[in-house]
Amino acid sequence: MDEDSILFGIRNAFALGNYQIVINEVSSARAIQSPAGKLESQAFLYRSYIAQGKYNLVINDIAESGAEGPLAAVRLLATYLRAKQKNEETQATIEQALALLEEGANRVDQTIQVVVATILVNDGKSEEALKVLHTRSKKLECVALAVQIYLQMDRLDLARKEVAQAKSWAEDALLLQMMEAWVDLRVGGDKYQEAFYIFEEFGQSNAEPSIKILNGQAAANIALGRYPEAESVLMEALNKNNDDPETLVNMIVCANLTSKPADVINRYVSQLREVAPQHPYLQELDLKSSLFDRAATRFALVDSS
Amino acid sequence: MQMLTKFESKSNRVKGISFHAKRPWILASLHNGCIQLWDYRMGTLLERFDEHDGPVRGIAFHPTQPLFVSGGDDYKIKVWNYKTRRCLFTLNGHLDYVRTVFFHPEHPWVISASDDQTIRIWNWQSRSCIAILTGHNHYVMCAQFHPKNDLVVSASMDQTVRVWDISGLRKKNQAPTPMSFEDSFNRQSQADLFGSTDVMVKYVLEGHDHGVNWASFHPTLPLIVSAGDDRQVKLWRMSETKAWEVDSCRGHYNNVSSAIFHPRQELILSDGEDKSIRVWDVTKRTSLATFRRDHDRFWVLTAHPELNLFAAGHDSGLIVFKLERERPAYQIHQNQVFYIKDKIIHIHDLNSGADQEVLSIRKLDSPYVVPRTLSYNPAERAVLVTSPHDGGVYELYHLPKNLSGSLKEPSDESKRGEGQAALFIARNRFAVFDKVGQQVQIRDLSNNPTKSFKTPGQVNEIFYAGTGGLLMSTPTSVILYDIQQRRISAELPATSVKYIVWNADMSMVALLSKHSITIATKNLKQVCQVHETIRIKSGTWDDSGVFIYCTLNHIKYALPQGDSGIIRTLDQPVYLTRVKGKTLHVLDREAMPRTIKIDPTEYRFKLALVKRQYEEVLHIIRNSNLVGQSIIAYLQKKGYPEIALHFVRDPRTRFELALECGNLDIAVETAKTMDQPDCWSKLGAEALRQGNFKIVEMAYQRTKSYDRLSFMYLVTGNEKNLQQMLKIAELRNDPISSFQNALYLGDIEERVRLLEQVGQGPLAYLTAKSHGLTEKAESILAQSGKEESEIQLPSNACELPAVPKPLVQLEDPNWPLLTVSKSFFEGAFAAEASNTSATGGISGTAAPAFSYDENVTEGAGDWGMDEDDDLGIPGLSSKTPAEDDLFGTPEAGQLDLGQGEEDEEGGGWDVDDDIKADLDAEISQAAAQATAEFVAPTAGTNEVAIWSQNSPLAVDHIAAGSFESAMQALNRQVGIVNFEPLKHHFMSIYQASRVSLSPIASNPNLFSPIRRNPEESNIRSSFPVVVYSFENLKSNQLQQAYRLFTGGKLVAAAAQFKQLLHSVLFTVVANSEEASTVNELIDVCREYITGLQLEQERRGASGDPKRALELAAYFTHCQLDVRHSQLALRQATKQAFKLKNFNTASQFARRLLELAPPKTVADEARQIQSVCERNLKDEIELNYDQYNPFVVCGISLEPIYRGSPTSTCPYCRSSYKPEHEGKLCTICGLAQIGVKASGLRIMI
């Protein structure tokens, strides 16, 4: 296998969320000789570790100073996420990231852009993240992140435009199809089925379907009202990793929709609380729970007797 | 149109050919006088018949009997039996060459045409000539019966074609009375002398300018085709009264030898001495196709009576061919087969067997070309059909969404193009293969090319290979090609693969070539290969991973490890679509979906063996009649003698198998039944090897191996038996043996005695002397008459040899044998044998063996887990350094190299660096500028927010997270004030309002709202999904509540009804009809909750019988289901009766009886009633007037009679006494009693 196809495989595996495959591939591939290829594969390797939550490994592995731009950015991401996980101060890291962006041509380096934007998105600074991603022609990852931000901002129109534009040069790239599926799931109607087919196709590709893909399939199934199918896909995902927050969230949704007993649902919620106490879904639930209590008191009967 | 040659023979010139109706046989009569019988399917010469003298021109199989007839230049007609391979008899009569012979389809007649200008009809049963048809005045080249009517057509060198009426002959032949000898003699002589009057010329067809070589009838229409030396094929039509020439087909440029109608299509086939076979359109009389041969003139042409096959004889042999592929274009998707029959796309449902015509594709190409392939795209409900017409075309159709109704013609938007193969490769892409240009184009669904690329080599076919890939078949290999990267991902050597079959989950693929099947993984790793001598036609995967395939004449299976075998034979080739259990779904050559029953036992058995699923193996052995030498041989060969043992009854084989697997018990048992020396010796050897000395002993006894037996007793220390052996030896008169035994026993006296006895005096003396038996020694001396001094004994003293005694003496029982690890089967079978009460015993014995197996696998599982865990951190840490090391060296080398270069080039690099930095700065600046101009978009409207705008329903507001407005709505609509019990409903609805999508790595996840109207793609009209579907409430929750009630679980039932009452608040219905059902549901809940409250109260009020009876009475007035009302009434009746309130009791009993309760209950009620009626009085005065309608107050649980003031709950509509107004409703537990409310909205 030549370098290009190995890198191609790595990019696809990363896009599909097969992080362990990325790690294995990068660790075992010897054909990647060019410095650029090496750098890219290293960046994917460490980003995969971050995606698996192994922040310390990344922070220890990449030297604090002297690392090349993309790796330095990846290290910052790990630092940021670790700090956030521990509820520590993150401002310094963000400033470092923004400073890194100013160095040399870093502003147009895809990896650096994506990683810095990721930090910003995690910090709730969507607009700034979009700024970082501004120069993104023919940079699929940047486009994907931008689409995601647009969707989070409920700008479906912009997301669709972005996808349509990318279609003209990215052909049938996996990441592009994934964006399409995201957008499809927001658009609804016939598009639900299309999203389903996209995820199904991913699932049939060479490697084992990743949790990410299974969740996508489940989401499409739920959107289409096929709850039992969604449930079995989610079960498969839970078998792969029983602590994946996204799977648990979808499991909660699915359990509610299939009228599962309350204790089953509560168990999933507790499990989610265990593995991802800061998950936005939980935060919202807690928020709503207290909102409920507050609002309910306003109606409560004052016992006159 | 193409000629697909199925078989070709090399021989002398072929003048006549005939197909067998049923078997794959063809007869060829040769110019050298020989008749050959070929199997054209296998391509083998079966038989030669060599009795004619000179060329044989006419040949024909009998349609049903094992007969054929031949006619030759020796004027003879011979009738043969091909079973006995003999000529039965010869019909003599013709006076010149016989040109053609044919059997009549029904009558025992043969018709022959001869150069003696006559046609003769013979009865082959009576072996006599029954008619001579005279009229032609030159050689008659051909004469044939009409397949149905009483007609004969003949062609002659006199340039005419004649049609003869033979109905007279038929009438005569059917005459009921047997003919007298004279009659038949008369007729025969008459016929001979004057020509038959039974047969008359009906028409004489004139039109050919030269001699006519052939004429034949159309099988169904009144048409005749003839071929002549004027190079023309002529078409004639007949009516009742006349016949005329329709047209001529011109094109042959030499004599036309033969012309026939296509049995099923509007075609004429002809061949001739211009070395060509031509196909003509009957209606247009135009040439459709010409198939030329280089050197061979054609002499004859025939069609198969039933199949789509033709044969032609030429100068150097014969060819069997067909004009079209018979493989229907088809594809299987899930449970549906999409196939094309008669230019119509059908969908066949394998489960239901339903078949539906979907789309007509008549416009695709010429009517004589059958579509070749079909590729179905489930995502778009589109099909791609390819046809070999015009060098290959494809067309893309969209299947109609609504399948009902009449057959649809495709709308004009169908898209077509040129290409040999076209297939879907993804949801919205298909690949088109141009074989000539070796180019693959990828097109989208509007038929626009998106990209194209050259094939990586000479490619013959392309196939589906999952998304983004293509399988390409080259003459020597199959290539897995990655379309996106345009490179070869994998390659597997396999010659000229023609078809591929994927298994259900696309993990395995079978590559079918003409004579071999290669089974490979999806990454083209070969798993096994199977070779066939017969052509392979199609295949399908069994769910268990067995590949089922069929050749021309067999259905077979191939196991993943390479075993294959026959499942059953086939009469006709079929195309397999799916196998499910014992049913094989196929398409036959007429493209009719059929099913074939198969017996999957054998391959399942073998598969289970391969996969070591021994329990399954055992199950199959027990429950099927799987027997036969082949299975035994298979088992033995594959190393499962212990299983084979189970199948065999023949003792000899059993014995051998038992020895092979070391099963001594069975070996002994069988050896006993056979009782042959060689068995015993073999058994002895095996038993010795295993150390089972008891059996060794027995074997030695049986084979009379005394020496060995003695030695064995010696080593086992069995002196008693040794002594026995000594005695036996004496009886046998075998002094050597006796001596040996004596030696073993250390019995010196006996030895001396023996030596003396055999006349070895000196040895005897020596023995006696040396063992200190002085007296004996002296007596020996005395006997021999010698003096001691005369004997010289060896002087040097030495130790006497003595046989050592074994320390442990084994007696009767066998010594403990090594535990031979018993296989699963031995255990199972042994259990079966020892325990007649089958199952229990089996599981008992089999269990240990099995549990051991399980342990092993569990262990493996754990191991696997461990490894996985390790991967987490230690695995990596151990791995990374190694990798680093590996990489370290070359990297360092590279670095050095780079530095070296840098050193050499010196400053040049620095300059470049500067430029690069400048460039970077420039780019960065430009980017920064662009970014600075960028204004981030403002956030859009959240779909969730739209929900609360769109909908007046509380439930939709909850889903949108706007709990306050939801509560307000509920308060306004149904006066709800106590929201606490509803909290988990709120949370549940909110939880289920959106799904989470995994985002790009390390980013916060994406949420996607779930709609209850998924068909809607306009966000503005979106509504959230319904968690509490009305259907579920009605058919699950309510039923469950009923069940709890019936079961007497009052608390649980009350809770369930309350839950239901709460859930109803959040349901959404589509129409007012459903809305009113929801209201009914609320009423039901209220009644039941009230009733249950009454009943619970009653059970608590046992100290106050009056109150208890009152409560029971009120309970009977709750509107319950009839069955439940019965329960309430029965309860009340009994209670009233007990309290001697006979009047009330009898009223309850009457009401109970009105409800038609089950018999026992009714009897009881009648009894009570009859007792009560004797004394219609009440002991206790009750606050209960059954004639005055009332409702029960939810708090005081007292009746509120009609007309009295009440206050109601705005939600559940339960009634309360006015003094309770403003309190919380106890029935629903939610709303405030007496509050004004607008009513629940559950419909938009």
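Distance from the C-alpha centroid of region B:57-108 to that of region B:534-596: 40 Å, rounded to the whole angstrom. Given +1 at the Cβ of Lys and Arg, -1 at the Cβ of Asp and Glu and no other charges, the dipole of the protein assembly as shown around its Cα centre is 6860 debye to the nearest 20. Net charge dipole, region B:13-79: roughly 280 debye, given to the nearest 20, about the Cα centre with Cβ charges of +1 for Lys and Arg and -1 for Asp and Glu. From the largest down, region A:6-115 spans 39, 31, 23 angstrom on the principal axes of its Cα atoms. Loop-located chymotrypsin sites (Phe, Trp or Tyr not before Pro) in region A:148-226 (DSSP state other than H, G, I, E, B) with a sparse environment of at most 15 neighbouring Cβ atoms within 10 Å are absent.
Placing pseudo-labels 7 Å out from each Cα toward the beta carbon at B:GLU778 and B:ALA289 gives an inter-label distance of 12.2 nm. Along its three principal directions, the equivalent ellipsoid of region A:71-115 from the Cα gyration tensor extends over semi-axes of 21, 10, 6 Å, largest first. Projecting the Cα atoms of B:ASN1032, B:LEU1006, B:VAL995 onto the charge dipole of region B:929-1035, computed from C-beta unit charges around the Cα centre, puts B:ASN1032 farthest toward the positive end. A simple spin-label model places pseudo-atoms 7 Å from Cα toward Cβ; at B:ASP39 and B:THR673 they are separated by 3.7 nm. Placing unit charges on the Cβ atoms of the charged side chains and taking the dipole of the protein assembly as shown about its Cα centre, the candidate lying farthest along the positive direction among B:VAL14, B:VAL478, B:PHE338 is B:VAL14. Sorting B:ILE277, A:ILE211 from the fewest to the most surrounding beta carbons within 10 angstrom yields A:ILE211, B:ILE277.
If you plug the beta carbon distance of B:GLN458 and B:ALA945 into 1/(1 + (r/R0)^6) with R0 = 51 Å, you get a FRET efficiency near 0.25. With the simple model of a label 7 Å out from the Cα in the direction of the Cβ, B:GLU1173 to B:ALA1070 spans 5.4 nm.
Counting Cβ atoms of other protein chains within 10 Å of each Cβ in A:97-106 and taking the mean gives 3.
Simple rule: put +1 on each Lys or Arg Cβ and -1 on each Asp or Glu Cβ in region B:680-763, find the dipole, and look at B:LEU731, B:GLY717, B:SER705; the Cα lying farthest toward the positive end is B:SER705.
The value obtained for chain A, namely the Cα convex hull volume divided by the number of residues, is 169 Å³ per residue. A straight chain from B:VAL1122 to B:ILE344 at 0.36 nm per residue would run longer than the Cα-Cα distance by 274.3 nm. Computed from the C-beta positions of B:ILE488 and B:ASN448 and an R0 of 22 Å, the FRET efficiency is 0.25 to the nearest 0.05.
Helices assigned as whole DSSP H runs in chain A whose Cα atoms extend at least 15 Å along their own long axis and whose mean Kyte-Doolittle hydropathy is 0.5 or higher are found at A:3-16, A:91-102, A:110-122, A:140-152, A:174-187, A:211-223, A:245-257.
The mean number of Cβ atoms from other chains found within 10 Å of a Cβ in peptide A:280-291 is 3, as a whole number.
For B:LYS341, the residues whose modelled amide H falls within less than 5 Å of its own, excluding neighbours fewer than 5 places apart on the same chain, are B:HIS346.
With a 10 Å cut-off around each Cβ of A:191-201, the average count of Cβ atoms from other chains is 4. Using Cβ point charges alone (K and R +1, D and E -1), the dipole size of region B:555-702 about the Cα centre works out to roughly 520 debye. Maximal additional length on extending the B:ARG23-B:ASN254 stretch stands at 79.7 nm, based on 0.36 nm per residue less the C-alpha distance.
With a Förster radius of 25 Å applied to the C-beta separation of B:THR533 and B:LEU4, the computed FRET efficiency comes to 0.80. Computed with the Debye formula from one identical point scatterer per Cα of region A:173-280, without solvent, the log10 of I(q)/I(0) at q = 0.24 Å⁻¹ comes to -1.30. If you model the protein assembly as shown as an ellipsoid using its alpha carbon gyration tensor, with each semi-axis the square root of five times an eigenvalue, the axes come out at 75, 61, 49 Å, biggest first. Distance from the Cα centroid of region A:172-200 to that of region B:628-657 is 58 Å (rounded to whole angstrom). Could you give the distance between the Cα centres of region B:1093-1109 and region A:8-58, to the whole Å? Result: 74 Å between the Cα centres. Principal axis analysis of the Cα atoms in chain B yields extents of 139, 128, 121 Å, listed in decreasing size. For the peptides B:547-554, B:255-262, B:684-691, A:85-92, the ranking by mean Cβ contacts within 10 Å, running from highest to lowest, is B:255-262, B:547-554, B:684-691, A:85-92.
Highest-first packing order for the peptide set B:644-653, B:992-1001 is B:992-1001, B:644-653, based on the mean count of other beta carbon atoms within 10 Å. Go through region B:1148-1244 and name the chymotrypsin sites (Phe, Trp or Tyr not before Pro) that are in a DSSP coil and have 10 or fewer other Cβ atoms within 10 Å of their Cβ. When the chymotrypsin sites (Phe, Trp or Tyr not before Pro) of region B:1148-1244 are filtered for loop state and at most 10 Cβ neighbours within 10 Å, B:TYR1187 remain.
Of the trypsin sites (Lys or Arg not before Pro) in region A:1-47, the ones in a loop by DSSP (not H, G, I, E or B) with at most 13 other beta carbons within 10 Å are A:ARG30. Residues B:TRP299, B:TRP502, ranked from the fewest to the most other C-beta atoms within 10 Å, line up as B:TRP502, B:TRP299. Each of B:CYS1212, A:CYS142 was scored by other Cβ atoms within 10 Å of its Cβ. Listed from fewest to most, they are A:CYS142, B:CYS1212. Estimated from helical segments only, the mean residue ellipticity of chain B at 222 nm is -10500 deg cm²/dmol, where each DSSP H run of four or more residues counts as -39500 (n - 2.57). Within the same chain, lysines fewer than 8 places from B:LYS638 are excluded, and of the rest, those with a Cα less than 18 Å from its Cα are B:LYS606, B:LYS611, B:LYS822.
No lab work stands behind these numbers, since they all come straight from the coordinates. No experiment lies behind these values; they were computed from the predicted model shown. We place every Cβ from the backbone using ideal geometry, glycine too, and count neighbours over all the protein chains shown.
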